[in-house]
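The values are calculated or read from the model by the stated rules, or taken from the named source; none is laboratory data. Fair warning: this is a prediction, and the values are worked out from it, not measured in the lab. Glycine also receives a Cβ, built like all others from the backbone with ideal geometry; neighbour counts cover every protein chain displayed. Keep in mind that these areas ignore ligands, DNA and RNA; they rest on the heavy atoms of the full protein, side chains included. Shrake-Rupley method; radii C 1.70, N 1.55, O 1.52, S 1.80 Å.
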Amino acid sequence: MKTHTVDPNMQRFTQKQALKPSTFLSPVPAVMVTSGTMEKPNIITLAWAGTVNSEPPMLSISVRKSRYSHGLIREHGTFGVNLVSQGLCWETDFCGVKSGRDLDKFKETGLTCVASPELKIPMIAESPVHLECKVREMLELGSHDLFIADIVGVQVATALMDRKGAVDMRKADLVAYNHGEYYSLGKILGFFGYSIAGKEVLKRRKRT
């Protein structure tokens, strides 16, 4: 017995045209990755970052070999992932188009450099969430190298927490990168498991 009907508007996507292979996966998170030392920190903006394992918690970032941050991460074996709120969109773009070889990005953007508690590596104070990462492996791919790292520490802004200590990421106003453009996240469409939880549960979740 059929219990679900696909939105008829989706029919407009059924006709396809083939393009050459490319990095077309979208959207992806826009993150600012910090590296180097507290005395000489650097920031690079990346869109190619993602979770790769739960236990232990791990993520990966892909960095072009020619980038200044590539050498810093290889040298020190650590980096920080700083999530990006809408209020940091300009700084995020600036740190993606300028090189740390030429200028101090913290000084140029006015961002505040703080040391992470576990690895004592540079982090961006204004970022709502920090992930401290220790490189486990580097894979040479071609134009980019993939750094696979253990997440050894996470710091979350108290402004994102409720009285019980639960984190509400909706308050972070995170930014996504979609085919060359930055976007704010939109309205909640669902949550993990909502397809079997029922419409009333979804309605209550949207109201909170």
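At a Cα cut-off below 20 Å, give the aspartates and glutamates reachable from LYS16, other chains included and same-chain residues fewer than 8 away excluded.
Those aspartates and glutamates meeting the cut-off are ASP7.
What are the principal axis extents of the Cα atoms in segment 1-129, in Å, biggest first?
Extents along the principal axes, in whole Å: 63, 33, 29.
If you filter segment 1-108 for GluC sites (Glu not before Pro), then keep DSSP loop positions with at most 10 other Cβ within 10 Å, what is left?
GLU39
Please calculate how many Å² of accessible area segment 1-139 carries per residue, with a 1.4 Å probe and no DNA, RNA or ligand atoms counted.
Accessible area per residue, segment 1-139: 61 Å².
Heads up, I need the accessible area for THR14: 1.4 angstrom probe, whole protein in place, Å², nearest 10.
80
Counting only chymotrypsin sites (Phe, Trp or Tyr not before Pro) that sit in a DSSP loop (anything but H, G, I, E, B) with at most 11 other Cβ atoms within 10 Å, what is the longest stretch of the chain containing none of them?
Counting at most 11 other Cβ atoms within 10 Å as exposed, the longest clean stretch of the chain is 25-191.
Rounded, prolate or oblate for segment 141-186? Axes are the square roots of the Cα gyration tensor eigenvalues, ordered a ≥ b ≥ c, and the cut-off for rounded is a/c under 1.5.
oblate
List the residues whose amide H sits under 5 Å from the amide H of THR45, counting only those 5 or more places along or on another chain, with H placed 1.01 Å from N in the peptide plane.
Amide H to amide H, under 5 Å and 5 or more residues apart or across chains, THR45 pairs with VAL33, GLY96.
Given a 1.4 angstrom probe, I'd like the percentage of the accessible area of segment 1-135 that is carbon and sulfur, rounded to a whole number.
53
Assign one of three labels to segment 96-145, namely rounded, prolate or oblate, based on the Cα gyration tensor with a ≥ b ≥ c the square roots of its eigenvalues; rounded applies when a/c is under 1.5, prolate when it is not and a/b is larger than b/c, and oblate otherwise.
Oblate, since a/c reaches 1.5 and b/c is not below a/b.
Of SER69, ASN9, LEU111, whose Cα points farthest to the positive end of the dipole of the chain (charges on the beta-carbon: +1 Lys, Arg; -1 Asp, Glu; origin at the Cα centre)?
Farthest towards the positive end: ASN9.
From the Cα gyration tensor of segment 102-188, with a ≥ b ≥ c the square roots of its eigenvalues, which class applies: rounded if a/c is under 1.5, or else prolate if a/b is larger than b/c, or else oblate?
rounded
Counting other Cβ atoms within 10 Å, which trypsin sites (Lys or Arg not before Pro) in segment 1-51 have at most 12 and lie in a DSSP loop?
LYS2, LYS16
Do the sum for the chain: with -39,500 (n - 2.57) for every DSSP H run of n ≥ 4, divided by all residues, what is the mean residue ellipticity at 222 nm, to the nearest 500 deg cm²/dmol?
Result for the chain: -4500 deg cm²/dmol, rounded to the nearest 500.
Give me the one-decimal nm value for the distance between modelled label points at GLU108 and LEU185, 7 Å along each residue's Cα-to-Cβ direction.
Label-label distance for GLU108 and LEU185, simple model: 2.9 nm.
Measure up LYS40/LYS134; LYS40/LYS98; LYS40/LYS105; LYS40/LYS107; LYS65/LYS134; LYS107/LYS134 against 22 Å on the Cα-Cα distance and list the ones that go over.
Result: LYS107/LYS134 exceed 22 Å.
Across segment 161-170, in residue order, what do the Karplus-derived ³J(HN,Hα) couplings come to in whole Hz, using 6.51 cos²θ - 1.76 cosθ + 1.60 with θ = phi - 60° and x for Gly and Pro?
Ordered by residue, 3J(HN,Hα) equals 9, 8, 5, 8, x, 7, 8, 10, 5, 4 Hz.
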